[in-house]
Each structure stands twice: as structure tokens, then as C-alpha cells.
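> Structure provided below as C-alpha cells; questions to follow.
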Amino acid sequence: MGSRFWGFSLAVYSAEPVQGECLALQDQFGLDINLVLFCAFVGEMRGIALTAAEITAARAEVADWHQDIVRPLRAARRRLKTIALHDARTAEAAAQLRTRVKEVELESEYVEHLMLERWADAQVAERPRGDARAAVPANLQALLESYGIEPGQLANARHIIAAALAHAASREDGGR
């Protein structure tokens, strides 16, 4: 699996506070973590601040896939973790199934990444590069607003913003 967006997401999401922040935004507000990472990616890698209309279009691009594929796989994986099983053999089989479902869920998120990256290539690639330090928080703020989340909640994404901008610094330093 490889794409610039996927590589960015793996690097940013691997920062421990980022993972917790993303999951909190997902669980508290119903945000699609892939869109959160996408907004950070477009801001950091391309220096582009997305408009509200562009965020709405990107959300629409993946809405059916996310709703019909990603969310049910996530729900199945989470349910497999909590379901009560009364014997060790059945519990082990369920744990193995959960591992396979988790792998498929990750693959479904990769497909969503590809869809979003293709959308960005088609819709915003020609726009001039701007300031990543301004674009990352602006994109995340616009995404929150597109979900109807009050502006003050951007503080809940501070580690995501910091990790995205740290990713930019590591690229500029040649990955050192």
C-alpha cells in the first residue's frame, strides 16, 4: 500500500496523542478520521486552505464508502472485542476473526484515502502553495464547522496540528 496521503497519515497517526485525539473526535462528534487526516495532509503537504465548499465536496466523495463499508467494519471489529463468549475455543476463534476484520477495515480506509487523494489531485492540485502553518488549522476548523461543531473544539485537534506541522519540518530536514 502506498500513496503520499497514506504515508502522511501513518506518520502523523503514529504519534500517540494524535491517535487518542482522532478517536475522541470520531467518538464524540462522529468525524471521519480519514477526513481529519486529509485536511491536515492538504494543509501540510500542499499548503492549501480548503474552502467550505471543497470540504463538502471531499466529504461527499467518500460519504457512501465510509458509511457503507468503513463504519460497518469498524462496528464489527469493536463488537467482536466486547462480545461475551463462554469458552476458550470460541473466544480464540472470535479473536482471530477480529484480527482479520481489523485488517480489512484498514484496507477499506486505504481505499478511502485513495479516493480523497484522487479528489485532491483533480480539484486543488493546480492551486498555488500557501502557508502550511495557517492551512492545517484552517482546514481542520472548516472540517469541524462542516460537521456543525463549534469553533472552540479545534483545541481538541492540537496534537494533530502539531504532528502534521512536525511532519513538514521532518520533510524539510530531509527526514533527519
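Nothing in this text is a laboratory measurement; each read-out follows from the coordinates by a stated rule. In this text, all values refer to a predicted model and were calculated from it rather than measured experimentally. Counting neighbours? That spans all protein chains shown, and the Cβs are built from the backbone with ideal geometry, glycine included.
> Let me check I have the definition right: for the chain, take the eigenvalues of the Cα gyration tensor, multiply each by 5, take square roots. What are those semi-axes in whole Å, largest first? Could the numbers behind the result be given before it?
On the way: eigenvalues 186, 59, 51 Å².
They are 31, 17, 16 Å, listed from largest to smallest.
> With each pseudo-label sitting 7 Å past Cα toward Cβ, what's the A75-D131 distance in nm, one decimal?
4.4 nm
> Just need the relative contact order of the chain here, percent rounded to a whole number, with Cα pairs under 8 Å and 6+ apart. Could the numbers behind the result be given before it?
On the way: 180 pairs, mean separation 72.0, N = 176.
Rounded, it is 41 percent for the chain.
> Quickly rank 23-34, 94-105 as a protection proxy: mean count of other C-beta atoms within 10 Å, highest first. Write out the running numbers ahead of the final one.
Working: 23-34: 16.7, 94-105: 14.5.
In decreasing order of mean packing, 23-34, 94-105 become 23-34, 94-105.
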